[in-house]
Amino acid sequence: AEINFSYDILAQRLRELSFLNAGIRITIKDERSDDKFHEFQYKGGIVSFVEHLNKSKAPIHPKVVYINGEKESIQMEMALQWNDSYNENVFSYANNISTTEGGTHMVGFKSALTRTINNYASTRGLLKDMKESLQGDDVREGLTAVISVKLPNPQFEGQTKTKLGNSEVEGYVKSIVND
């Protein structure tokens, strides 16, 4: 059986790894044919990732919001920017592994984001004409975000191991977003 590597798939994954690890330089070269070569290095890390994801959209605010912190040896970072689309584009990672099914870090992020925005809006009287507070879907409409956690003992759930299960991470992410 012959193994065929896809330059495009590998380059996409290496770009992603470069975004997730600010400043690291990763190169890829395809020597099979036309010597395709690419170098990835993003000093802005996941902020650059969000800018890249939003490059063909119209951001509502020019600067990407960046949140980071560490608790109990767990490093957490989040980058967010809203655009004028209706789509929610939120990507989550644990130890550079794409957690496409989410997990405790996503649950913590989503609930804290909704709570924080509702608190901000209500203390400033922005919700006085509304019957109820904003829901999670309302808050995340047009949001592009990357959530990345790095932890010593990740517990992945599910058949494909794409869901983070560490229960303590939820509370840690919530407190950093709330702050």
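The values are calculated or read from the model by the stated rules, or taken from the named source; none is laboratory data. Just so it is clear, the structure is predicted and the values come from calculations on it, not from any experiment. As a convention, Cβ positions derive from the backbone with ideal geometry for all residues, glycine included, and neighbour counts pool all protein chains shown. Areas reflect the complete protein model, heavy atoms only, side chains present, ligands, DNA and RNA absent. Shrake-Rupley method; radii C 1.70, N 1.55, O 1.52, S 1.80 Å.
Of all residues in region 65-78, exactly one satisfies the criterion of being assigned to a loop (DSSP other than H, G, I, E, B) and open to solvent by 90 Å² or more (accessible area, probe 1.4 Å), namely E72. Screening region 5-42 for residues that are closer than 25 Å to N83 by Cβ and aromatic (F, W, Y) and picking the one that is most open to solvent (accessible area, probe 1.4 Å) gives Y42. Counting the residues of region 10-37 that are of a type outside the set (S, T, N, Q) and either at pLDDT below 95 or farther than 25 Å from S92 by Cα (or both) gives 8.
Please tell me if K57 is out of contact with any Leu (no Cβ under 8 Å at 6 or more places or on another chain) and either assigned to a helix (DSSP H, G or I) or touching a residue at least 12 places away in the same chain (Cβ under 8 Å) (or both). Considered against the rule, which asks whether it is out of contact with any Leu (no Cβ under 8 Å at 6 or more places or on another chain) and either assigned to a helix (DSSP H, G or I) or touching a residue at least 12 places away in the same chain (Cβ under 8 Å) (or both), K57 comes out as yes. One residue stands out in region 43-64 among those that are among the aliphatic types (A, V, I, L, M) and within 15 Å of S85 (Cα to Cα): the one that is most open to solvent (accessible area, probe 1.4 Å), namely I60. Taking each residue of region 109-136 that is within 22 Å of Y86 (Cα to Cα) and touching a residue at least 12 places away in the same chain (Cβ under 8 Å) and looking for partners that are in a helix (DSSP H, G or I) and open to solvent by 30 Å² or more (accessible area, probe 1.4 Å) with beta-carbon atoms closer than 6 Å, six or more apart or interchain, yields A112/K174; A112/N178; T116/N178; G136/K110. Which one of the conditions (1) open to solvent by 80 Å² or more (accessible area, probe 1.4 Å); (2) within 14 Å of the chain's Cα centre (by Cα); (3) within 23 Å of S18 (Cβ to Cβ) does Q81 fail to meet, given that it meets all the rest? Answer for Q81: the failing condition is (1). Residue check: S98 meets all listed conditions (1) open to solvent by 20 Å² or more (accessible area, probe 1.4 Å); (2) of a type in the set (S, T, Y); (3) out of contact with any Phe, Trp or Tyr (no Cβ under 8 Å at 6 or more places or on another chain) but one, namely (3). Only one entry of K110, K63, K71, K128 meets the criterion of being over 23 Å from L164 (Cβ atoms) and either at pLDDT 95 or above or within 16 Å of the chain's Cα centre (by Cα) (or both), and that entry is K63. For region 155-170, filtering for residues that are modelled with pLDDT of 95 or more, open to solvent by 40 Å² or more (accessible area, probe 1.4 Å) and over 17 Å from the mean Cα position of the chain (by Cα) leaves 4.
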